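Take a look at the structure set out below.
The values are calculated or read from the model by the stated rules, or taken from the named source; none is laboratory data. Computed from a predicted model, the values in this text were never measured in an experiment. We place every Cβ from the backbone using ideal geometry, glycine too, and count neighbours over all the protein chains shown. The protein model used for the area step is the full one, side chains on, heavy atoms only, and it has no ligands, DNA or RNA in it. Shrake-Rupley method; radii C 1.70, N 1.55, O 1.52, S 1.80 Å.
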Amino acid sequence: MKKICILGLNPAWQKTLTFEQLTYGAVNRAADLETIPSGKGINFARAVHTWDKTEGTVYQFLAGDAGKKIRQGLWEENLSHISNETSGETRTCTTVISAGDGIVTELIEPSPFAGPMAAGQLFRQLCTGLEQADALAICGTCPPGINEYFYTKAAAKARELGKFILVDSCQYVQTLLEEGADLLKVNREEICKLTGTDDLAEALKLAFIQFKIRYLAITDGPASAWFSNGKDLIRYSIPSLEKVVSPIGCGDTCSGVMLSEILTGTDPAEAFRFGLAAASANCLTPMPAQFDPDQAKELYGKITLSYA
């Protein structure tokens, strides 16, 4: 199988609380609680594992009791990872689902500081992993103590080795994108932030002017998604879902499945369609990147494409 190095520096212990109806400012008793390792890198890896066409290894920092729970959870899920210890406590992210009205709220704790020794060690481990891998996926935000040079250096190493580079982040990636990446996959808000405009059409054009990228994939929740190779612009109409349980992890699911498809020979525009289908299937479950592949394949056939 093709292999992916997944740079997910900011993991989390995910708690999902489901309420029949959440009432703001009142005492609310949860009907259900589920926990799982999470964060963009881990969710990406879980989606890759679920799709089962490629293999992924997450490179990350862990700390404290939450870090121990994440290690145990990853072992139970058989998800490969390289984790370096830092001081403090890995953040807990709490998803609050109000089933009655379908409102989902995400509460995110601060991340612990990642010191230079742990960062240096993880970078060396990543460089070793990249030699045997086929792609680098850069996912999400960085914890305190990590600056833009980590992502930039990681991408430079992948570029030097001729690896495919996917970027699913809008923090500390400006220089990286100017120097070159194969695929930028972000959401509407993020592409507007990266290009400095609130107009999506303008942002889609500016991305290929400001950055050295081959492909651009943009999600926008249940609204239309967009894909471009710098010449053609494709619009994807997403089928409406009868009941969305939680959208948490959908973007990571899309990225993981899309890259898996690209590495196994699928045209990038079609690979994005598979990613969007998997993301839609993920909306039907309470936990991030836990989706039914057969359900995703069924939804794939309902996504329509048109050239803009």
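Inside segment 215-231, can you point out the residues that are among the β-branched types (Val, Ile, Thr) and without any contact (Cβ under 8 Å) to a residue 40 or more places away in the chain? Correct list: Ile218 only. Of the residues making up segment 156-205, those that are in contact (Cβ under 8 Å) with a residue 24 or more places away in the chain and basic (Lys, Arg) number 4.
Of everything listed in (1) of a type outside the set (Lys, Arg); (2) over 24 Å from Ala201 (Cβ atoms); (3) surrounded by fewer than 24 Cβ atoms within 10 Å (Cβ to Cβ), the single unmet condition for Ala277 is (3). No other residue among Ile218, Ile262, Ile238 is within 22 Å of Asp52 (Cα to Cα) and either crowded, with 17+ Cβ neighbours inside 10 Å or touching a Ser or Thr at 6+ places or on another chain (Cβ under 6 Å) (or both) apart from Ile262. Filter segment 281-299 down to residues that are over 14 Å from the mean Cα position of the chain (by Cα) and outside any loop (DSSP other than H, G, I, E, B) and give me whichever is surrounded by the fewest Cβ atoms within 10 Å (Cβ to Cβ). Ranking the candidates gives Asp294 first.
One line per residue, one yes/no per condition, for (1) of a type in the set (Lys, Arg); (2) in contact with a helix residue (DSSP H, G or I) (Cβ under 9 Å, 6 or more places away or on another chain); (3) open to solvent by 10 Å² or more (accessible area, probe 1.4 Å); (4) modelled with pLDDT of 95 or more:
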| site | (1), (2), (3), (4) |
| --- | --- |
| Gln21 | no, no, yes, no |
| Ala26 | no, no, yes, no |
| Ala30 | no, no, yes, no |
| Gly41 | no, yes, no, yes |
| Arg46 | yes, yes, no, yes |
| His49 | no, yes, yes, yes |
| Glu55 | no, yes, yes, yes |
| Leu62 | no, yes, no, yes |
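The listed residues are Leu166, Leu176, Leu233, and the only one of them that is under 19 Å from Gly275 (Cβ atoms) and over 17 Å from the mean Cα position of the chain (by Cα) turns out to be Leu233.
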